[in-house]
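Report on one structure; see the data block that follows.
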Amino acid sequence: MSVPQYKRVVIKLSGEALAGDQGFGLVPNIVKSVAEQIKEVVDLGVEVALVVGGGNIWRGKIGSEMGMERANADYMGMLATVMNALALQDSLENLGVETRVQSSIVMTQVAEPYIRRKAVRHLEKKRVVIFAAGTGNPYFSTDTTAALRAAEINADVILMAKNNVDGVYSADPKTNADAVKYDNLTYLEVIQQGLQVMDSTASTLCMDNDIPLIVFSIMENGNIKRAVQGETIGTVVRRNS
Ligand code: UDP
């Protein structure tokens with residue numbers, strides 16, 4: 001099967017996926033391998049938008065646990081996503097993939113500001129658009145950013161590339177041998193059962209806007225391409241079963 005199933009996708013990459021086993025910062029080889037996997041999809045003619053997290057550098061929660069004001073700590077988290085976005089941009093451009101970083105927090109020396117219509121135009125020109133700085137608002141996550149941007153740009157699907165798990169399980173498979181992996185779920189099941197997929201704000205946004213989600217492991221090379229080609233991998237979450 002080589003025909004892409006989707007015309008326009010949002011790939012959500014957690015910051016940790018760029019940190020490898022060290023769990024912190026950026027590992028150049030891993031960033032490169034992620035970029036190579038993204039290029040495979042671009043080469044199929046699919047329009048790719050990327051939303052990257054920042055958990056490998058900073059999470060707002062850490063700051064608020066230290067006694068920082070939550071909003072400030074969250075702004076630090078958003079800035080962390082900008083660093084990851086620039087690393088991915090660099091890696092993709094080294095592979096000859098045209099990219100644009102659009103930031104939800106204005107920093108014109110570093111990135112374009114987020115302008116929806118401009119983002120869509122870049123996608124139509126087959127440039128990879130990397131959405132940085134989350135939604136630009138504290139108290140949100142980059143999962144919610146992925147849901148929001150997917151709705152705004154009319155993406156066909158969100159591909160949630162995980163580094164620590166290959167789908168959605170009934171319990172944590174690392175600590176519970178009886179954990180069962182789901183092939184298909186509805187957003188309502190995810191929310192009602194409190195399954196660890198994305199935060200509830202992101203889940204409801206996807207549900208309300210009828211955006212399907214595929215959760216899979218990025219640790220297996222070629223998985224982003226498989227997901228785009230409609231191969232059954234990971235767990236698919238939809239509005240209706
Ligand atoms: N963040 C935020 N608003 C957003 C997106 C992100 O405040 O719209 C902050 C928040 O503090 C979060 C951090 O940025 O902890 C990093 O994002 P996230 O935790 O989603 O990254 P990931 O877990 O995907 O690496």
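Here are the numbers for the structure shown:
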item: Failed criterion for Val41 (all others in (1) surrounded by fewer than 21 Cβ atoms within 10 Å (Cβ to Cβ); (2) away from the ligand (no atom under 16 Å from the Cβ) hold); result: (1)
item: Within region 161-188, tally of residues that are in contact with a Leu (Cβ under 7 Å, 6 or more places away or on another chain) and either of a type outside the set (A, V, I, L, M, F, W, C) or within 13 Å of the ligand (Cβ to nearest atom) (or both); result: 1
item: All positions within region 220-241 that are surrounded by fewer than 19 Cβ atoms within 10 Å (Cβ to Cβ) and touching a helix residue (DSSP H, G or I) at 6+ places or on another chain (Cβ under 6 Å); result: Arg239
item: Members of region 161-187 that are in contact with a strand residue (DSSP E or B) (Cβ under 6 Å, 6 or more places away or on another chain), buried (at least 17 other Cβ atoms within 10 Å of the Cβ) and aliphatic (A, V, I, L, M); result: Ala161, Val168, Leu185
item: Filter pass, Lys61 being part of a helix (DSSP H, G or I), within 12 Å of the ligand (Cβ to nearest atom) and of a type outside the set (A, V, I, L, M, F, W, C); result: yes
item: Leading residue by the ranking (surrounded by the fewest Cβ atoms within 10 Å (Cβ to Cβ)) among those in region 1-15 that are touching a Leu at 6+ places or on another chain (Cβ under 8 Å) and of a type outside the set (Lys, Arg); result: Ser2
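We did not get these values from a lab; they are worked out from the coordinates using the rules stated. The model shown is predicted, which means the values in this text are computed figures rather than measured ones. All Cβ positions, glycine included, derive from the backbone under ideal geometry; neighbour counts span all protein chains shown.
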